[in-house]
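Presented below is the structure to which this report refers.
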Amino acid sequence: MVTLDLSADQKALVDLAHQFGEKEMAPHVQHHDETGEYPTEIIRKCHAVGLMNTHIPQEYGGLGLNVFDGCLIAEELSSFCSGMYTALEANGLAQAPVIVAGNDEQKKEFLAPMVEKFQLAAYCVTEAHAGSDVQGIKTNAKKDGNDYLINGSKMWITNASVADWYFVLAYTDPSQGARGMSGFIVPSKLPGVQPGKKEKNLGQRCSDTRGIMFDNVRIPARYRLGEEGEGFKIAMKAFDHTRPPVAAGAVGVARAAYQHAVRYATERKTFGVPIAKHQAISFMIAEMAMNIEAARMLVWKAAWEIDQGRRNTLYAAYAKAFAADMCNKVCTDAVQVHGGYGYSTEYPVEKLYRDSKIFQIYEGTSQIQRLIISKEIFDRK
Ligand SMILES: Cc1cc2nc3c(=O)[nH]c(=O)nc-3n(C[C@H](O)[C@H](O)[C@H](O)COP(=O)(O)OP(=O)(O)OC[C@H]3O[C@@H](n4cnc5c(N)ncnc54)[C@H](O)[C@@H]3O)c2cc1C
């Protein structure tokens, strides 16, 4: 049977996330946007109420919730502050390679403790000269007895300075291209690991984005995920799990911008009537509502596919590209509905507009999503 109705448990999850956002996030959003301060205490509380690490399998102490449920949480939390939500999302992104490719010991050592105590992780793939072109990375891992020595530097890493461990993609055999890459779990406190300065970003300012240096970092071979040469596949497979929640985050931001636009359009008067009475404004808002709903359906479909155990790469790319582009358009239009006030930091749409941009960039740009979609259409025919 097909149904788009949420179950009672899912509705309760949505309520829990919404109440958490209203009570714990909303009062602090402006402060964290203005100062760029990392929202440690808010994320700690999120962990305490069980809205974090929900996808860690039950055999490792987690709730074992599926991707769909994660998307419901993502939309709610992100509608309050996507900068704060990105800390959680990046944590889930780092865990995804361990979930898809980790062995029992690795899951026990790195995932299980995250359920018990508040810890964070980061996903380290991008480098200064290589983002979309993952094969262009230079970080390498050389076997040294029963260890690997990791050398190189990563860039634009979310949670870089707060993570307890990293997923790191490195070449073990550069001559093999993508098949010469391997994925590693690297504890962040090891000698030779050095996060850089916090980047000053356009939006999501409380998110912790930095470069990281790896200088002869020694890790035991048992911290390698899967076999040598499987790293690229593992790193990309993680996105099948995380692109739907990222897209849900974009839906959350767009929804917030839309709600502000509706409120303002009914309050603000020009030419003797609320601006909502001008068709140019009401149609702009109608477009927002329609596209938010369409994006949410794509998110749900992408999540549904992977939760059924099916390959969802195409649907995840649809959802990520559509939701990110939609979010940017909705936030731009929400500023437009507010006129001059939308351009001011006094109104929340200004922040939402800045925050929206990153959805078209991280976890694969909107262009790369289209590349994935076109490859699926033509190469898999
Ligand atoms: C705030 C923030 C947080 C991030 N967090 C993380 C993280 O936690 N971990 C991590 O590993 N990375 C992270 N990233 C990196 C992010 O994933 C990359 O920035 C992104 O993949 C783009 O890579 P790039 O910046 O090198 O741009 P480039 O790859 O140089 O792309 C530049 C432009 O060219 C376009 N382009 C490139 N190749 C093609 C092509 N073949 N066809 C069409 N267009 C193309 C791109 O779409 C883009 O518009 C983060 C980035 C930011 C800004």
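The values are calculated or read from the model by the stated rules, or taken from the named source; none is laboratory data. Because the structure is predicted, anything quoted here is derived from the model rather than measured. All Cβ positions, even for glycine, are placed from backbone atoms using ideal geometry, and neighbour counts span all protein chains on display. What goes into the accessible areas is simple: the full protein's heavy atoms, side chains included, and nothing from ligands, DNA or RNA. Shrake-Rupley method; radii C 1.70, N 1.55, O 1.52, S 1.80 Å.
Things worth noting here:
- Among the numbered conditions (1) open to solvent by 10 Å² or more (accessible area, probe 1.4 Å); (2) more than 30 Å from A221 (Cβ to Cβ); (3) within 16 Å of the ligand (Cβ to nearest atom), the only one that D15 does not meet is (3).
- Residue in region 30-45 that is surrounded by 14 or more Cβ atoms within 10 Å (Cβ to Cβ), assigned to a loop (DSSP other than H, G, I, E, B) and touching a Phe, Trp or Tyr at 6+ places or on another chain (Cβ under 8 Å) present: no
- Residue check for A221: touching a residue at least 24 places away in the same chain (Cβ under 8 Å) and among the hydrophobic types (A, V, I, L, M, F, W, C): yes
- Pairs where the first residue, in region 164-191, is more than 21 Å from L93 (Cα to Cα) and among the small types (G, A, S) and the second is part of a loop (DSSP other than H, G, I, E, B) and open to solvent by 10 Å² or more (accessible area, probe 1.4 Å), C-beta under 7 Å, 6+ apart: G180/T172; G180/D173; G180/G229
- Residue list for region 263-277, restricted to those being β-branched (V, I, T) and either in contact (Cβ under 8 Å) with a residue 60 or more places away in the chain or closer than 29 Å to L6 by Cα (or both): I275
- Among the residues making up region 90-119, those that are open to solvent by 20 Å² or more (accessible area, probe 1.4 Å), assigned to a helix (DSSP H, G or I) and not basic (K, R) are I99, V100, A101, D104, E105, E109, A112, P113, V115, E116.
- Residue that is surrounded by the most Cβ atoms within 10 Å (Cβ to Cβ) [pool: residues in region 120-131 that are part of a strand (DSSP E or B) and without any contact (Cβ under 8 Å) to a residue 40 or more places away in the chain]: E127
- Flag for G249 being under 23 Å from the mean Cα position of the chain (by Cα), farther than 25 Å from I99 by Cα and of a type in the set (G, A, S): no
- Looking across A261, A238, A247, one residue alone is more than 16 Å from the ligand (Cβ to nearest atom), surrounded by 24 or more Cβ atoms within 10 Å (Cβ to Cβ) and assigned to a helix (DSSP H, G or I). It is A261.
- G229 being of a type outside the set (A, V, I, L, M), in contact with a helix residue (DSSP H, G or I) (Cβ under 7 Å, 6 or more places away or on another chain) and either open to solvent by less than 10 Å² (accessible area, probe 1.4 Å) or at pLDDT below 95 (or both): no
- In region 132-143, the residues that are more than 15 Å from F184 (Cα to Cα) and touching a residue at least 60 places away in the same chain (Cβ under 8 Å): S132, V134, Q135
- Whichever residue in region 132-152 is within 15 Å of the ligand (Cβ to nearest atom) and open to solvent by 50 Å² or more (accessible area, probe 1.4 Å) and, among such residues, is farthest from G92 (Cα to Cα): K138
- If you go through region 110-131 and pick out every residue that is within 12 Å of the ligand (Cβ to nearest atom), closer than 30 Å to K45 by Cα and in contact with a helix residue (DSSP H, G or I) (Cβ under 6 Å, 6 or more places away or on another chain), you end up with 5.
Residue-by-condition table, conditions (1) more than 13 Å from the ligand (Cβ to nearest atom); (2) open to solvent by 30 Å² or more (accessible area, probe 1.4 Å); (3) farther than 26 Å from Q30 by Cβ; (4) in a strand (DSSP E or B):
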position	(1), (2), (3), (4)
K154	no, no, yes, yes
Q176	yes, yes, yes, no
K189	yes, yes, yes, no
L202	no, yes, no, no
S207	no, no, no, no
